[in-house]
1. On the given criteria, is E143 open to solvent by 20 Å² or more (accessible area, probe 1.4 Å), among the charged types (D, E, K, R), closer than 19 Å to L15 by Cβ and assigned to a loop (DSSP other than H, G, I, E, B)?
2. If you check every pair at least six apart or on different chains, which have Cβ atoms under 6 Å apart with a residue in segment 192-211 that is farther than 16 Å from Y251 by Cβ and touching a residue at least 40 places away in the same chain (Cβ under 8 Å) first and a residue that is charged (D, E, K, R) and part of a helix (DSSP H, G or I) second?
3. Determine if segment 110-117 includes at least one residue that is of a type in the set (G, A, S), open to solvent by 10 Å² or more (accessible area, probe 1.4 Å) and modelled with pLDDT of 95 or more.
4. Among the residues of segment 201-226, which ones are over 20 Å from V293 (Cβ atoms), in contact with a Ser or Thr (Cβ under 8 Å, 6 or more places away or on another chain) and open to solvent by 10 Å² or more (accessible area, probe 1.4 Å)?
5. Filter segment 354-379 down to residues that are among the basic types (K, R) and touching a Ser or Thr at 6+ places or on another chain (Cβ under 9 Å) and give me whichever is surrounded by the most Cβ atoms within 10 Å (Cβ to Cβ).
6. Filter segment 235-274 down to residues that are in a loop (DSSP other than H, G, I, E, B) and either in contact with a strand residue (DSSP E or B) (Cβ under 6 Å, 6 or more places away or on another chain) or over 17 Å from S318 (Cβ atoms) (or both), then give me how many there are.
7. Where the second residue is in a helix (DSSP H, G or I) and open to solvent by 10 Å² or more (accessible area, probe 1.4 Å) and the first is among the aromatic types (F, W, Y) and at pLDDT 95 or above and lies in segment 273-300, which pairs have Cβ atoms under 6 Å and are six or more apart or on separate chains?
8. Can you give me the number of residues within segment 11-30 that are surrounded by 24 or more Cβ atoms within 10 Å (Cβ to Cβ), out of contact with any Ser or Thr (no Cβ under 9 Å at 6 or more places or on another chain) and either closer than 13 Å to V78 by Cβ or hydrophobic (A, V, I, L, M, F, W, C) (or both)?
Amino acid sequence: MNQRICVVGTSYVGLSLAVLLARRNDVVAYDIDEQRVERLRRGESPIVDPDIDGFLRGDGLRLRATSDPVEAYPGADVVIVATPTDYDEQTNFFDTSSVEEVVADVRRLEPGATVVIKSTVPVGFTRALRERHDTDRILFSPEFLREGRALHDNLHPPRIVVGDTGPRGELVADLLTAAALDDDVPVLLTGSTEAEAIKLFANTYLAMRVAFFNELDTYAATHGLDTGQIIRGVSLDPRIGDHYNNPSFGYGGYCLPKDTKQLLANYADVPQTLIGAIVSANTTRKDFVAADVLARSPRVVGIHRLVMKAGSDNFRSSSVQGVMKRIKAKGVEVLVHEPELADDTFFGSRVVDLDELKERSDVIVANRLTAELRDVADRVYTRDLFGHD
């Protein structure tokens, strides 16, 4: 089942899908960022993902890259939209302008194409977009990917959800299941609005789990208890399970902060307390961590890595940044060690190499403990107990 596919956006979601589908289909990766396009043309990945690197270096992908929409859209059977939809604090909604622009261009240049929105959007967005363009060729299909493991998660999907119960939904589901390496992947065809809600509720549940174990850790630390023992005992219940339970500085990254806030905004006229508490808990956790660091009376605090997860290059909305800002607000000097940063400063703090961070810092704050900090473990502040995300 060879399809002509255009994937718009080459970050984690878009690029992983482009590589996944180019194993069996003719795929054009379209991005307005010329540097990303040039790297793809050279067979280089613009994001950190070892599986994507491997496929791009190998043979057999029917993948080309362009920054020209006139080259990207005409002739496409399917257009997958994976552009950023950052949360707008002023409007309390995702900024969906990039998605709307892509859909308008596709409707103008290739109106017969099926548009699959992979960007996270508010509940009800796709239905409104269909009505605005008077077409049923627009559908939503949520992604459930981990940063740094995006292609792996597409090759081994825990489930595939498509927001269309007709033949176009079946087409998209067939494309994704055919590209997966696993057999018998659960598939759910549902309404577009239900699919949008599935994405937001799934990520909010994960955020709730992060918040729960972080507040457990806050309680234990405040009372001098062994957090690890408590978590192990709680997680032995098979209904709870031994996963996603490692304390941190809070949830962050591309999805959880914005998705929880968007879901809360969708509850504007619906009674709730839990969703609001999940959002508030993330702020409370950063307050506790910053206060706990400051209680050690440091003159200089070092921040070891801004990235959210091991094997990722993303530090957008990372939880440690909130901790850093709170510490700086108290007048304490903060140094940052982050190899992914090209600049000499980050929000007014000097970016230094690892040796200087170790030499000058009274306390080194690390969301996740790594081997390169073992020699200064007595000065490392972390809530990492189990060494995993």
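The values are calculated or read from the model by the stated rules, or taken from the named source; none is laboratory data. What you are looking at is a predicted structure, and each value in this text was computed from that prediction instead of being measured. Using ideal geometry, Cβ is built from the backbone for each residue, glycine included, and neighbour counts are taken over all protein chains shown. Accessible surface areas use protein heavy atoms only, side chains included; no ligands, DNA or RNA. Shrake-Rupley method; radii C 1.70, N 1.55, O 1.52, S 1.80 Å.
1. When the stated conditions are applied, E143 does not pass them.
2. Pairs that qualify, where the first residue is farther than 16 Å from Y251 by Cβ and touching a residue at least 40 places away in the same chain (Cβ under 8 Å) and the partner is charged (D, E, K, R) and part of a helix (DSSP H, G or I), are S192/R127; T193/R127.
3. Yes: segment 110-117 contains one or more residues that are of a type in the set (G, A, S), open to solvent by 10 Å² or more (accessible area, probe 1.4 Å) and modelled with pLDDT of 95 or more.
4. Across segment 201-226, the qualifying residue is only N203.
5. R368
6. 17
7. Between residues of segment 273-300 that are among the aromatic types (F, W, Y) and at pLDDT 95 or above and residues that are in a helix (DSSP H, G or I) and open to solvent by 10 Å² or more (accessible area, probe 1.4 Å), the close pairs are F288/T218.
8. Of the residues in segment 11-30, 4 are surrounded by 24 or more Cβ atoms within 10 Å (Cβ to Cβ), out of contact with any Ser or Thr (no Cβ under 9 Å at 6 or more places or on another chain) and either closer than 13 Å to V78 by Cβ or hydrophobic (A, V, I, L, M, F, W, C) (or both).
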